[in-house]
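Inspection log for the structure reproduced underneath, given as structure tokens.
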Amino acid sequence: QIQLNLKVKEGSYYSDDYIVIDFWIDKKLFIPTKIKAVSTEDDVFQIDILKPKINHKFDKNVFEIQYPADFTIDKVIKLEETSSK
């Protein structure tokens, strides 16, 4: 699994509710297998995805992506975007 840590940006829509949201991504399927969020009150929530939206980007005004120390941007391999026809 790959861990993706999202730090909520100050002043964003979610900044009053959450500090960070962590995703654990399946390496073969490239979908989240586990999501946990830490609230501004230090509560930890596990989040279930009921209706996933595939190939939608994160709003850069809401989240700031932080990579693990041994992970650099040049190691990011983007998935091919699919078009629905």
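The values are calculated or read from the model by the stated rules, or taken from the named source; none is laboratory data. Bear in mind that the values here come from a model prediction, so they are computed numbers and not experimental data. No Cβ is skipped: glycine too gets one built from the backbone with ideal geometry, and neighbour counts run over all protein chains shown. We work out accessible area using only protein heavy atoms, side chains counted, and drop any ligands, DNA or RNA first. Shrake-Rupley method; radii C 1.70, N 1.55, O 1.52, S 1.80 Å.
Considering only the range 23-45, state which residues are at pLDDT below 85 and hydroxyl-bearing (Ser, Thr, Tyr). Correct list: Thr33 only. Filtering Asp70, Asp48 for residues that are open to solvent by 90 Å² or more (accessible area, probe 1.4 Å), farther than 20 Å from Lys9 by Cα and at pLDDT 70 or above leaves a single hit, Asp48.
Looking at the range 3-19, which of its residues are open to solvent by 60 Å² or more (accessible area, probe 1.4 Å) and assigned to a strand (DSSP E or B)? If the condition is that a residue be open to solvent by 60 Å² or more (accessible area, probe 1.4 Å) and assigned to a strand (DSSP E or B), then Gln3, Lys7, Tyr18, Ile19 are the ones that fit.
Residues that are of a type in the set (Val, Ile, Thr) and surrounded by 12 or more Cβ atoms within 10 Å (Cβ to Cβ) were ranked within the range 20-32; the one that is nearest to the chain's Cα centre (by Cα) is Ile21. Within the range 1-13, residues that are under 17 Å from Phe30 (Cβ atoms) have Cβ atoms under 8 Å from residues that are among the small types (Gly, Ala, Ser) and in a strand (DSSP E or B) in no pair, counting only partners at least 6 apart in sequence or on another chain.
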